[in-house]
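The values are calculated or read from the model by the stated rules, or taken from the named source; none is laboratory data. Given the structure is predicted, the values throughout are model-derived calculations rather than measurements. Note that each Cβ is placed from the backbone with ideal geometry, even for glycine, and that neighbours are counted across all protein chains shown.
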Amino acid sequence: MESHLDHAYDRAYYLGREGWLDWRTERDHLVALAVTGGQPGARVLDVGAGAGGLAAALAARGVRVFCVETERAGLDIVRARLPAAGAALISETSPALPFAPGSFDALVAQHAVEHLPDIAAALAEWRRVLRPGARAVVATPNARYPDPAHFEDPHHVHIFTLEELAARFAEAGFIVEQAYTLFPYLPRFRGRGRLAVWLSGLSRRLPYWRARGRTLMLGARRR
């Protein structure tokens, strides 16, 4: 979720990242977590929707997607790409969402929580717009990844460990059901990013990599 004050992320960035293999892998995990047990026509909110690639993947599964974004560059792409998504611009500094309580069956956020200035307030607002039993699923960088320079960004407010992220969701009134990492750390060499994607299952099975995979994936259910 990027700042619309300094336009740190432009159209080229938003569209370009959808070509990254790791971005697409995260997208597929988020879709699977969000629509597990869901029904066609379920309402899903994409927070920090970027160019709408995740929202488009969700819509292809038969759910009704709504998008919010803090950056005008991303919002304009989403509105052209998914006119039925009702994309709305929201404030970077306020957690308020323009929806009634209990409006959604799921909420997804791909690389948004690390930008939140007040995660407790944001999660409270997410809980408000979700119906009881609805799911929130997120992807975010892992503070324990051995090469933090990979996701250095002056617009990141806080990078979480898996334990921290799970604790924040539990404190906000969610039951954490899935918490794991993707993309094991590999020494620097040409092509290591693609290999890390192919080996991402190792992050879930081996203790060392389970703590240190590059991306945290979390799925939680609203109490």
* Pairs, please: C-beta under 8 Å, at least 6 apart or cross-chain, first residue touching a residue at least 60 places away in the same chain (Cβ under 8 Å) and farther than 15 Å from Ala109 by Cα and in the stretch 65-78, second among the hydrophobic types (A, V, I, L, M, F, W, C) and surrounded by 23 or more Cβ atoms within 10 Å (Cβ to Cβ)? -> Ile77/Ala51
* To do: State all residues of the stretch 139-149 that are surrounded by fewer than 22 Cβ atoms within 10 Å (Cβ to Cβ) and in a strand (DSSP E or B); if no residue qualifies, say none.
  => Pro141
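One line per residue, one yes/no per condition, for (1) touching a helix residue (DSSP H, G or I) at 6+ places or on another chain (Cβ under 8 Å); (2) surrounded by fewer than 19 Cβ atoms within 10 Å (Cβ to Cβ); (3) at pLDDT below 90:
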residue	(1), (2), (3)
His158	yes, yes, no
Leu162	yes, no, no
Ala166	no, yes, no
Leu199	no, yes, yes
* Would it be correct to say that Ala136 is under 30 Å from Arg188 (Cβ atoms), buried (at least 23 other Cβ atoms within 10 Å of the Cβ), of a type in the set (Gly, Ala, Ser) and under 13 Å from the mean Cα position of the chain (by Cα)? -> no
* Could you list, in sequence order, the residues of the stretch 106-129 that are under 22 Å from Gly62 (Cβ atoms) and over 16 Å from the mean Cα position of the chain (by Cα)? -> Val129
* Asked: Given the conditions (1) in contact with a helix residue (DSSP H, G or I) (Cβ under 9 Å, 6 or more places away or on another chain); (2) assigned to a helix (DSSP H, G or I), and given that Arg127 satisfies all but one, which numbered condition is not satisfied?
  -> (1)
* Structure fact -> Reported set for the stretch 127-152 where residues are touching a residue at least 24 places away in the same chain (Cβ under 8 Å) and either of a type in the set (Asp, Glu) or within 18 Å of Gly50 (Cα to Cα) (or both) is Ala136, Val137, Val138, Ala139, Thr140, Pro141, Asp147, Phe151
* Could you say whether any residue in the stretch 35-48 is at pLDDT 85 or above and in a helix (DSSP H, G or I)? -> yes
* **Pairs with Cβ under 6 Å, 6+ apart, first in the stretch 22-35 and touching a residue at least 24 places away in the same chain (Cβ under 8 Å) and over 15 Å from Ala59 (Cβ atoms), second of a type outside the set (A, V, I, L, M) and in a helix (DSSP H, G or I)** => Trp23/Arg17
* To do: Determine whether the stretch 69-81 contains at least one residue that is in a helix (DSSP H, G or I), of a type in the set (Asp, Glu) and modelled with pLDDT under 95.
  => yes
